Structures are given as structure tokens and as C-alpha cells.
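The values are calculated or read from the model by the stated rules, or taken from the named source; none is laboratory data. All of these numbers come straight from a predicted model, not from anything done at the bench. Here the Cβ is made from the backbone with ideal geometry for all residues, glycine too, and neighbour counts use every protein chain on show.
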Amino acid sequence: MPTAPPRPLVVRFGALGDMVLLTPLLALLRQRYGVAPDVLSAGAWTPPLYADHPDVHQMLLLGSRKRPYWSDPRQWRAVTQLRATGPRPVYVCDELATAPLARLLARAGFAADDLLWVGAHRECARPHWVDRWLAFGALDAPRWPGAAQAAVAAAPRLLVSAAAAADCAAWLTARGFGARPLSLLHVGNKRTLKRGGARGRLGDSKAWPDAHWLALLQAMHARVPEAVILLTGTPPEQPWLRRLARASGLADAQAIGDDLPLPRLLALQARATGMISVDTGPAHSAAALGCPLLVLYGAASATAWLPRSAQGSPVLWRGGADAGRQRLLETSVEEAVAAWQALPLRTPT
């Protein structure tokens with residue numbers, strides 16, 4: 001009797017952009033093993049990110065892989081779930097806190113020849129993270145050979161669920177935006193979220209003076225005057241976003257950081273004419289959803305982190321290590337405005 005193909009398990013504890021960049025690996029493993037993999041991760045936002053994604057079978061969530069096992073019921077539940085599935089190939093995509101993770105996987109019944117650790121394979125070291133994951137996905141755990149490597153897009157892919165699209169349409173109508181074109185501006189990042197407000201921007205390589213963001217808002221409005229400009233972010237950033245929107249003097253600049261669950265952000269990105277963002281997670285989801293994008297870098301390298309679009313939508317970038325810069329402050333607002341004006345925008349549908 002033929003046996004069912006093994007269902008790979010992918011382990012990745014990352015931020016939003018990390019999990020978006022992981023999707024080409026998930027697609028490759030689905031092609032190689034014939035079934036969509038499970039994903040072991042953390043964070044309540046990860047299931048909405050992968051909702052209805054054809055390359056994800058099931059999400060298994062931990063609160064923290066670093067807590068003592070005896071004190072963490074979520075680890076107990078994850079171990080029980082994993083043991084119920086039996087041995088299978090495991091692709092571990094993390095290089096930090098590997099010791100507690102190895103103990104967790106051993107408790108779940110996995111042996112050494114079930115596991116692939118990305119940090120143990122120097123051949124996977126590629127400049128861009130997507131290329132790194134595709135090289136990793138081409139490898140086999142010792143006792144789990146997969147099919148020959150399949151051809152998948154070397155770019156992330158996300159979907160907007162029907163429920164998220166309906167919610168977004170209702171939200172836009174309730175806000176009075178209707179079917180108007182949308183432009184998106186994302187000015188914050190993880191450091192801003194951790195500390196909030198002006199303190200969060202101290203020492204942040206992605207920080208820019210408010211005057212620069214206000215000039216960029218004016219340029220966005222001048223290019224698409226009929227569009228609503230939505231300042232996206234998180235609830236802790238909302239007071240800052242609101243101040244920027246008010247200081248712009250633009251009635252159509254709206255701060256929505258306190259009313260933006262992840263599915264709604266994705267649905268907005270799927271329909272926006274274009275987006276400007278600092279180098280952070282929502283930039284990657286925008287490109288994955290085909291939104292024309294301008295990314296502004298601080299110290300990071302576009303060679304490693306440039307968002308990619310499987311749909312072929314344009315992605316422009318300014319600043320960062322590849323331009324010999326270590327802070328966004330070294331990129332002028334004039335340069336950013338010129339890049340926005342050169343970005344081919346999407347025609348509203």
C-alpha cells in the first residue's frame with residue numbers, strides 16, 4: 001500500500017517581514033513533497049498572515065521557545081500536536097536560541113536525521129533572504145528525500161482572504177472613502193513600536209524628521225490629488241501618525257494606526273495605487289500583494305532585504321548600506337520625492 005507523503009514542518013520565529021520572506025520556501029516544499037507544510041512559529045498575527053494560503057497547511061504557535069518547558073502550557077500543546085503527526089522532515093529556519101528549540105523538537109519525537117538546521121549549511125548563505133530559503137528548501141533531511149527541485153517564483157506570495165476583502169470594503173465605506181484611490185505611507189518600524197513616540201526614534205537608523213514626512217505627504221497628494229493618503233502603523237504609533245496627518249493640512253491624510261488589524265492592512269495594500277515605507281515588515285507584504293512600492297532604508301542593505309513582488313509590481317529603494325549610508329537621515333527628502341514621482345503606480349480598480 002502506498003504511504004502518504006510526509007508533511008514538512010517549517011520552524012521560523014520571525015517578525016512580519018521575516019514571515020513574508022519565508023513564503024517562497026513554503027511554496028518550494030509544497031512542490032517537492034506534494035503537500036503544504038505546517039509552520040511552527042509565534043505571535044497571534046501569523047495565522048492571519050497565512051490565512052487561506054495554499055502553501056500552508058496548519059499553524060502551530062508557541063508563546064516563547066525560551067521559557068522553561070515545565071512552565072509553558074503552549075509548549076506542552078505544541079509538543080502534543082507534533083507527536084501526534086509522527087516523524088517528518090523539519091526545516092529549522094532560525095539560528096538563535098537553537099538549544100531550547102532542539103530540546104523542544106526532541107520532546108516532540110524528532111530524531112537528528114529528521115532535522116535540517118539552516119545554520120549548519122553554508123551553501124545556503126545567499127545575499128538575499130529569499131534566495132537563502134530556496135537553497136535551504138532544496139536540501140533533504142537524511143531520511144526524508146523529496147522530489148527533484150521544482151520551479152517556484154523567487155518572490156513572496158500572499159493572499160487576501162474573502163473575509164478580509166469584505167471587511168476592508170465595509171471599513172472604507174464607513175470611513176467615507178468609498179471607491180476612492182488609496183495611497184499608503186508607513187513611517188514607523190519595530191524600534192518605534194518598542195518605545196513609542198519620539199523616544200522610539202532616538203538612535204533609530206530609520207528615523208526621519210517630521211518635516212521630511214510632511215513634505216513627502218504633500219508630494220503624494222500632488223501626484224494623486226484624488227487619493228486618500230492613509231498613514232499606516234500600530235496603536236502605539238497612532239498619536240504620532242495623527243500629529244503628522246494634522247500638521248500636513250491635508251483633509252485626505254488619515255492616521256489609521258489604531259484601527260488596522262493585519263488582515264485589513266493586507267487588503268488595503270492589495271488595492272492601493274502605491275505605498276512609501278521605511279524598511280520594515282509592511283513593505284514586504286505590500287510588494288507580495290502587488291502594490292507599487294518605494295522603500296526608504298536606514299543602515300540595512302537592499303541586497304539582503306529588498307522586497308520582491310511575484311506579480312512583477314515595481315519596487316524602488318533609496319538609502320541604506322548599498323548607497324553608502326547608515327541612516328535614513330542621510331537621504332534627502334528631495335531624493336525621496338523624485339523616487340515617488342518616478343514610481344509607476346497601479347491604476348485603481
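Conditions first: (1) out of contact with any Ser or Thr (no Cβ under 8 Å at 6 or more places or on another chain); (2) on the phi > 0 side of the Ramachandran plot. ARG242 passes all but one, so which condition is the exception?
Single failed check for ARG242: (2).
What helices (runs of 4 or more DSSP H) lie completely within region 9-127 and have 3 or more residues being charged (D, E, K, R)?
Of the helices (runs of 4 or more DSSP H) lying wholly inside region 9-127, those with at least 3 residues that are charged (D, E, K, R) span 73-85.
Just to verify a result, which residue in region 30-45, among those that are crowded, with 18+ Cβ neighbours inside 10 Å and in contact with a Lys or Arg (Cβ under 9 Å, 6 or more places away or on another chain), is farthest from GLY281 (Cα to Cα)?
Within region 30-45, the match that is farthest from GLY281 (Cα to Cα) is TYR33.
Which of the following residues is crowded, with 23+ Cβ neighbours inside 10 Å and within 18 Å of CYS168 (Cβ to Cβ): LEU260, LEU268?
Residue meeting the stated conditions: LEU268.
Any idea how many residues of region 308-330 are assigned to a loop (DSSP other than H, G, I, E, B) and touching a Phe, Trp or Tyr at 6+ places or on another chain (Cβ under 8 Å)?
2
When the residues of region 299-345 are filtered to those that are charged (D, E, K, R) and either crowded, with 19+ Cβ neighbours inside 10 Å or closer than 17 Å to ALA215 by Cα (or both), which remaining residue is nearest to the chain's Cα centre (by Cα)?
Residue satisfying both the conditions and the ranking: ARG308.
If you check VAL295 against the conditions, is it closer than 20 Å to ALA207 by Cβ, touching a strand residue (DSSP E or B) at 6+ places or on another chain (Cβ under 7 Å) and β-branched (Val, Ile, Thr)?
Yes; evaluated as a whole, the condition is true for this residue.
ALA141 versus (1) within 20 Å of ARG88 (Cβ to Cβ); (2) in contact with a Phe, Trp or Tyr (Cβ under 9 Å, 6 or more places away or on another chain); (3) surrounded by fewer than 20 Cβ atoms within 10 Å (Cβ to Cβ): which is the lone unmet condition?
The single condition ALA141 does not satisfy is (3).
Among the listed residues ASP55, ASP18, identify the single one that is touching a His at 6+ places or on another chain (Cβ under 9 Å) and more than 19 Å from ASP114 (Cα to Cα).
Selected residue: ASP18, the only one of ASP55, ASP18 that is touching a His at 6+ places or on another chain (Cβ under 9 Å) and more than 19 Å from ASP114 (Cα to Cα).
Looking at ASP113, is it under 28 Å from ALA147 (Cβ atoms), free of Cβ contacts under 8 Å to residues at least 60 places away in the same chain and in contact with a Pro (Cβ under 8 Å, 6 or more places away or on another chain)?
yes
Could you tell me which residue of region 144-195 is farthest from the chain's Cα centre (by Cα), considering only residues that are modelled with pLDDT under 95 and of a type in the set (Phe, Trp, Tyr)?
Applying the filter and picking the extreme gives TRP144.
Every residue in region 27-42 that is among the small types (Gly, Ala, Ser) and more than 19 Å from the chain's Cα centre (by Cα), please.
GLY34, ALA36
For LEU296, state whether it is closer than 16 Å to LEU185 by Cβ, at pLDDT 95 or above and not assigned by TED's automatic domain parsing to the domain that holds PRO24.
yes
Considering (1) over 19 Å from ALA15 (Cα atoms); (2) in contact with a Gly (Cβ under 6 Å, 6 or more places away or on another chain), say which one ALA300 fails and leave the rest.
That leaves (1) as the condition not met.
Being of a type outside the set (Gly, Ala, Ser), in contact with a strand residue (DSSP E or B) (Cβ under 7 Å, 6 or more places away or on another chain), surrounded by fewer than 23 Cβ atoms within 10 Å (Cβ to Cβ) and in contact (Cβ under 8 Å) with a residue 40 or more places away in the chain narrows it down to one residue among THR273, THR234; which is it?
Answer to the selection: THR273.
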